1. Past 32 Å, Cα to Cα, is the threshold; run C:Lys43/C:Lys130; C:Lys43/C:Lys324; A:Lys110/C:Lys131; B:Lys204/C:Lys43; A:Lys223/B:Lys109; C:Lys168/C:Lys268 against it and keep the listed order.
2. Just want the ordering: B:Cys267, A:Cys101, from fewest to most Cβ atoms lying within 10 Å of their own Cβ.
3. Report the residues of segment C:340-359 in range of a label on C:Ser261: point 7 Å along Cα→C-beta, backbone N strictly under 15 Å from it.
4. How far is it, in nm, from the label point at A:Leu211 to the one at B:Ser116 when both lie 7 Å from their Cα along the line to the Cβ?
5. Restricting the calculation to Cα positions, tell me the Rg (one decimal) and the Dmax (whole number) of segment B:149-241 in Å.
6. Which value, to two decimals, describes the C-alpha radius of gyration of segment B:152-192 once divided by 2.2 N^0.38 Å?
7. Mean-square fluctuation check for chain C, GNM, Cα pairs under 10 Å: which of C:Pro77, C:Pro336, C:Pro161 is largest?
8. Would you kindly give the portion of the calculated P(r) for segment C:229-363 that falls above 21 Å, as a percent of all Cα pairs?
Amino acid sequence: MGGFFKKNGSIISTFFLIAITFWLIFLILIPQLYMLDLSFRPNLPPLLRGGPDDVYTLTHYKHFVFGSETSKDAYNYVDIGVFVDTIGTAILVTIINLCFCYPIAFYIAKLATPNATRLLILALIIPFWINELLRSFAIRILFAGEGVINNLLLEMGLLDAAVNFIALDVALYTGLTYAYILLMIFPLYNALETLDTNQLEAAKDLGSSTLRTHWRIVIPHAKAGIASGSTMVFMLTAGALATPVVLSSPNTFWFTQLIYQWFNMNDNWSRGSAYSIILLVVSVAFVLLMMRIFRVTIGEVVR
Amino acid sequence: MTSNRTFQVFLGLYISIFFLYLFGPLIIMSVTAFNSTEFPSITPWECFSFRWFNEGKIAYDGQRLAGLAADRDLHVGLITSLFIALGVVTLSVPIGMSAAIVLTQVHSKLRTLFYSMSIMPVLFPGVVIGISTVVLWDRIATIGGEGIISELGRNGIFLTILGQTCFISTYCFLIFVARLQRFDTTQEEAALDLGASQTQVFMKIMIPYLMPAIGSSAVIAFLASFENYNTTVFSILSEQTLTTVIATKVRLGISPAISALAFVIICMTLIAAVLYEFFRRRQEKRKALESAAKMYKEISSDRLKEDIKKAFILPKSIFVILFIFLMAILGWQQIIKNNLYGGDCIAKAEDAKKSNFADQLKLLQNNAESLESEGGDGGTGSTNEYNDIFGDPNLFKNFGGFDN
Amino acid sequence: MSADVELQGVSIAFGDFYAAKNVNVKIEAGEFFSFLGPSGCGKTTLLRAVSGFLEPSEGKVLIGGQNMSGIGPNKRPTSLIFQNLALFPLMSVADNIAFSLEVRGVSKQARRKRADELLDLVALNGQGDKKVHELSGGQKQRVAIARALAVEPEVLLLDEPLSALDLKLRQKMRTELRAIQQRVGITFIYITHDQGEALTMSDRVGVMNDGQLEQVGSCYEVYQAPSTPFVATFVGENNAFSGKVEKVSKGIAKVNVEGTSFSGSIGKTTVGDPHPVGVGDDVFIFVRPESLSLAKGTKAPKNKFSADIETIEFEGNLKNIYLKSSKNKSTRFSVPSVFDTSDLIPGSTIELSFSAESAIVLPSGPLALD
C-alpha cells in the first residue's frame, strides 16, 4: 500500500482508491449481496421490514420449484417450463450463431483482402449500434401477420392464409439469433486473425482436406474465441429482455419477463430477487462450464 | 479447378445471405417509414410520405399515431437518455481508467482477483444489475428517512446512472487495459527522473497517452448507456428514457413512427461510420505522404521523385455516390409520375378506406370474438399485459388499404 | 556542477536473488566511468539504485557526499538516459528537451531558449518543432542526451543507450558522447556490455560479473593487468591454459599444462599486490592472441607448443587463426593482415610460442562465457 502511494503520489492514489472502491464495493458487491439477502426474505410492505416477520425463508425458491401453496400440481410446471425453455433456447441460439458465424469470421480473418476486411468489419459494426429494440422491431415488421414475409408469400401464391410467425415463436428465435450475432463474430474473428496462414498452407501441403484442416488446426486455435463468443451470446440471450418484449407471442414467456412480472406487476421484490439469483447462478455456472470445457481463463472469455 | 470455382460461388452466396440477413430487416424497416399506411409495411404501398417523421396521423378508430416530431414522450425520453448517458460517461470513464492503471500495479495473486471482480458485471444479466440497484437503494432510502438520500434512492435517473455505470465501467476498463498493455513504463520513469512529481507524471505522460482510450471509451460508454434497456427498465422507476418509451410503444402498437425513428438512427450511424472511415483513410494517406516525403529527402533519385507526383485521381467512391444520387432522382420521378406522393394520394387512400370502413368494422368485431374464444386457454393467466391487440395479425388485416 | 558518486557496500536483493552483492566503488566528479559486464550481471540494477528507482537492500549510495536513501528519482541530481531512450512520442523535440523545465514551472520562452541551446549542443539546430518519430536513430539519441542535460544534472547515467544503433553510427556517437562529456564536464556513469564502447570512452572501467564488481581500473589496467580470470577473458580476447604451479620466483610462475611447462608473470589483485600463488595451486595462464608468435622450429625453447590449424578468419585489420591443441580446446592466434599466411593451411600443424612477460598467471576462477 505504501508503495502504491509512493508510485502514484497521494492525490492520484486517493482518486484511484475512491473510484475503485466506489465501483467494486458500492456498485458491484453490495447491491448483489443485498439482493441475495432479500431473496431469502418474505415479501413484506416497507413498514414491516426489520420487524418480527422479517426472517430468512426459502419460500421464493420453493415457489419456483413447487408452485404456490394453493396450486394442485406437484411442481411449478409453468415457471420451470419457462426457465427450461429460456435456457434451452439460449443454448440453441448460441449453437446456431456459432455455426452461422464461423465461416464468415474465417473469411474475414483469413481469405478477404485487407481493404475488404476493413469494410466488412465496419459493415458488421453498423447494425450493432442500432438499438436492440429497434432491431427486434425490424424483425417484427418482417414477421407480423400483415408483415412483409406474409404479404410476399401470399402474393406469390405460396400461402393461402397468413402464418402467425409470432405465435409460432419463429420471430422470437430469429430475433434472438439476430440480436447478438456480432458478439459471436468478433471474438471468433479476433481469434482466427492470429492464426498463422502458413499453418493452413502447411496442412494443405501435407495433404489435409479442408474439413480436416479446420477440425485439427483452425478450431483448436480459435477455441478461446469460440468460448468467448459462446459465453457472451448465451449470457445475453438468456438474460435478454428487449427482444422477447417485442417478439414473444402472448403465450410464450422469457424468464426475464417472469422476473419483470414479479418485480413490477406483482410488486413482489423479494421473489423477483430470488428469480434473478436463479438466472445469475445459471449464467455464472455457464461461464464456469465454458472455462472448464475449453480450458480458458476468465480473461480470455471476456475481452 | 472446378471445385475451387464452386467453392468461390458458394462462399460468395453465403456471405451475401449473411449480410442480407444483417441488413435486410433494417432496410425494409427504413423503407416502411416512408409508407403512409398505419401498419409499417411495403407491399400494400399506399403513398410515399414523410408523415411519420412529422405529425403522424389520427386513425379512424380514434387512435392517435404520433409521428416523430409530434411525439412528446419521445422527446422527454430522449433528453433523459442523453442526461443519463452523460452521467454514465463522467462516472465510468474515470472508474475504468483508475481500475486499469491499478491493475498494472498490483501483483499476481491480487491481480487475478481484481481482474475477475472487474469483469464480473459483464457476466451479470442486465436485469439482475437493474434489480439489485433498485432493491438496495430502496432500502437505503427507507432507512435514510426524509432527506436527500431518500430523494436520491427513489430517483430513477440517479439509479439508472448507477446501475449502468456498474457494467459500463467494465467496458471502459477493458479498453484501458488494452491500451495500457502497449504502454512503455520507462516513459514514466524518464519523467520522474527529469524531476516530475507523481501527479505531473500522471497529468503530462499518462493522460496524454491514454487520450485515445479516453475518447473511445467515452463513445462506447455513451452509446451503451443510450441504448440500454434491460437494466434501465428496472432502475428508471417512474421516469422514461428513449428506450423505455420505444419499448412501451412497440408493446402497445406497431407504428411506422418507430420505423421513422429507426431510420433516423440508422442514418446517424451510417454517417458516423462513413466519417470515421473517411478520416481514417485521410490519416493513412497523410502518413504515407509523410514517409514518401522522408524518402524524397533522403534519396535523391529522379525515378522515385516521379512516383510521388501522381496525378489527381477521383476516388472510386464518387461513382457509388453518383449512382445512388441518380437512382434517387429516377425513383423520385417515378413516385411523382404515378401520383404516389402528396396530399392527393393520401386523400384518395383515405376515401377508399372510409368507404370500406363499415364493412371492415363488422369483420373486425367477428375477428375479435373468435380471438377471445381462442385466447381463453392460452398462457399463465397473468399474460394479459403482453396479450395486446397487436399480437394478433388478423386485427390489422383490413387496415392499411389492401385494395390499392 | 559535477558530483562524485560513492557506493558503499551496496547489495540489492529481489527475494532470494542478489542482483548486486556488496559493491564498493567511488566515482570521481567529472569522471567518465563505465560499468562493463555481460547481460544479467546486475549493472542496470546498480544504475537504477544510483538514479533512485531502487533502494539498496544493504549499503548506501552517496552523491556529492550526501546519503541518497529515501530520496526519489525526481529529487536526485542525476539524469538517466534509458536503453530505449524513453522519449515522449506525443511531444515535439523541443518539448521533450524542455520537459524537466516544464515540470519545474519555467516559463515557455525560457524553456524554448534553453531547448534551442541544447539542440545546438547536440548539433540538431532548428529541429525543435519536429515530432520524435520523424527523427533518425542517431538524432533520437542526441535528443535523449539533450533532454537529460536540460536540468543541468551533476551526474548523467547512461543505460546502454547506443545498443540500438548500427555499427558506424555507434562508433560516431561514442566520439560525440565523449566530446559532450568533456564540454559539460559532469560525471558520466555508463553501462554497457560492449567492451569496445567502455574502453574507447571511459576514464575508468568497473568490470562486473554475477552481481559483483570484479575489478576497477583504467582501461589500460583492465586490459593489460586483469586481476581475475573473468576480467581476463571478458575484456578483449585471451587464450586460457589451465594447469598447476610448479615453481614461483621473482613474480614469475612456472605452470605445468598437460605435461608442458609454461612461464608467465603473476597477476595483481584489485588492491595492486601480486596474487599469492603457491606451488601446487590450480591456476590459469592467459596469453593474448596478438602475443603469440610462430616458433619456426629453431630457437625459443621456452613456452612453446604445437597446434593444428582449423580455420583462418579475415577480420579487416587482423587475421585470426583458430587452432586446436591438446592444451586448450581452441586457441586463437592473431596476426596483422599484412602478414603472409599462405603457408598456413587448415589441417597443418604449427608451433607457437610466447614470452613470459606477455602471459599472466591468475588463480583459477570462473571464465567469461564465449
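We did not get these values from a lab; they are worked out from the coordinates using the rules stated. Just so it is clear, the structure is predicted and the values come from calculations on it, not from any experiment. Note that each Cβ is placed from the backbone with ideal geometry, even for glycine, and that neighbours are counted across all protein chains shown.
1. Too far apart for the 32 Å limit: C:Lys43/C:Lys130; C:Lys43/C:Lys324; A:Lys110/C:Lys131; C:Lys168/C:Lys268.
2. In increasing order of surrounding Cβ atoms, one gets B:Cys267, A:Cys101.
3. Within reach of a label on C:Ser261: C:356.
4. 4.1 nm
5. My reading of the Cα-based Rg and Dmax gives 18.2, 56 Å.
6. Numbers: Rg = 16.9 Å, N = 41, 2.2 N^0.38 = 9.0 Å.
Ratio of Rg to 2.2 N^0.38 Å for segment B:152-192: 1.88.
7. C:Pro336
8. 40 percent
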